Amino acid sequence: MKNKIIGISGPSVCGKSTLCKEICKVNPKIIFVKMDDFYIDAKKFPKFKHWSNCELPENIKFDLLYDTLHKLKSGESTTIPKYSKRSGIQIGTQIVKPAPIILVEGFLLFLKKEIRQLLDIKVLIDIRSNIQLKRRKQRQPELDEEYFHEVIVPTYNQYHWTFQNQADFVLDGRKSVEELKKELVKIITAKQNFSKF
């Protein structure tokens, strides 16, 4: 039996990574893959005005992400990159062994059809831009609000409705991590083929 992959998507700071880490605490055998580890070097990001635009699909190594998920779903170990967003470069690799349940998260995760087809459950966490800005400023006080409004929000909004239509479940990102964890655990355990959870 192939392993199962749960995809978590949504805009920046909606709680994707935090939720995945909390779910991993429920069952330590679950593995967690971050789309951010598949970034190209930041020096290659396209420019928008005076900013380096990290929000675009061409910044992601989708072919490598697909290959990684396909191998894990098929029960194969694989080597994946480790990326430092602070440094803007890959800083190493890690060997990941397959597991019955694989979590993968990323803000553009649902963009490519071939990757969507690997996902057994697709969950979108949705938040409004005003909450997103507040959280982003808490995490990154030096954030240029002009960049947020001119790049981050409009770029994601290009794909928002596509992602929402592709999602099997949409969760309210205003809720606490604990509430979101309970909802996601309920979603996973409701699936008959996820009995190993």
Among 27-37, 145-155, the order from most to least packed when residues are scored by Cβ within 10 Å on average
27-37, 145-155
Rounded tilt (10° steps) of 177-190 against the dominant C-alpha axis of the chain:
40
Principal axis extents for the chain, Cα atoms only, whole Å, descending order, please.
50, 34, 28
Any idea how far apart Lys113 and Glu76 come out in nm if each label point goes 7 Å out from Cα toward Cβ?
2.4
With +1 on each Lys and Arg Cβ and -1 on each Asp and Glu Cβ, and nothing else charged, work out how big the dipole of the stretch 22-150 is about its Cα centre, in Debye to the nearest 20.
260
Which of the peptides 8-19, 87-98, 64-75 is most tightly packed, and how do the rest follow, going by the mean number of other Cβ atoms within 10 Å of each residue?
8-19, 64-75, 87-98
Given 0.36 nm per residue, what is the gain on full extension from Ile95 to Ile131 after removing their alpha carbon distance, in nm?
9.4 nm
Just to confirm the number: angle between the C-alpha axis of helix 129-139 and the first principal axis of the chain, 0 to 90 degrees, nearest 10?
90
What's the angle, to the nearest 10 degrees (0 to 90), between helix 153-166's Cα axis and the longest principal axis of the chain?
20
List the pairs from Lys29/Lys175; Lys4/Lys137; Lys2/Lys44; Lys61/Lys134 whose alpha-carbon separation is above 31 Å, in the order I gave them.
Lys4/Lys137; Lys2/Lys44
Express in whole angstrom the spacing between the alpha-carbon centres of the stretch 128-180 and the stretch 24-98.
20
Is the C-alpha gyration tensor of the stretch 8-104 telling us rounded, prolate or oblate? Criteria: a/c under 1.5 is rounded; beyond that, a/b larger than b/c is prolate, otherwise oblate.
prolate
Please give the calculated 222 nm ellipticity per residue for the chain, where each DSSP H segment of at least 4 residues contributes -39500 (n - 2.57) and the sum is spread over every residue; nearest 500 deg cm²/dmol?
-10000 deg cm²/dmol
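Every number here is computed from the coordinates shown, using simple stated rules; none is lab data. As the structure is a computational prediction, the values presented were derived from the model and not from experiment. Every residue, glycine among them, receives a Cβ derived from its backbone with ideal geometry; neighbour counts consider all protein chains shown.
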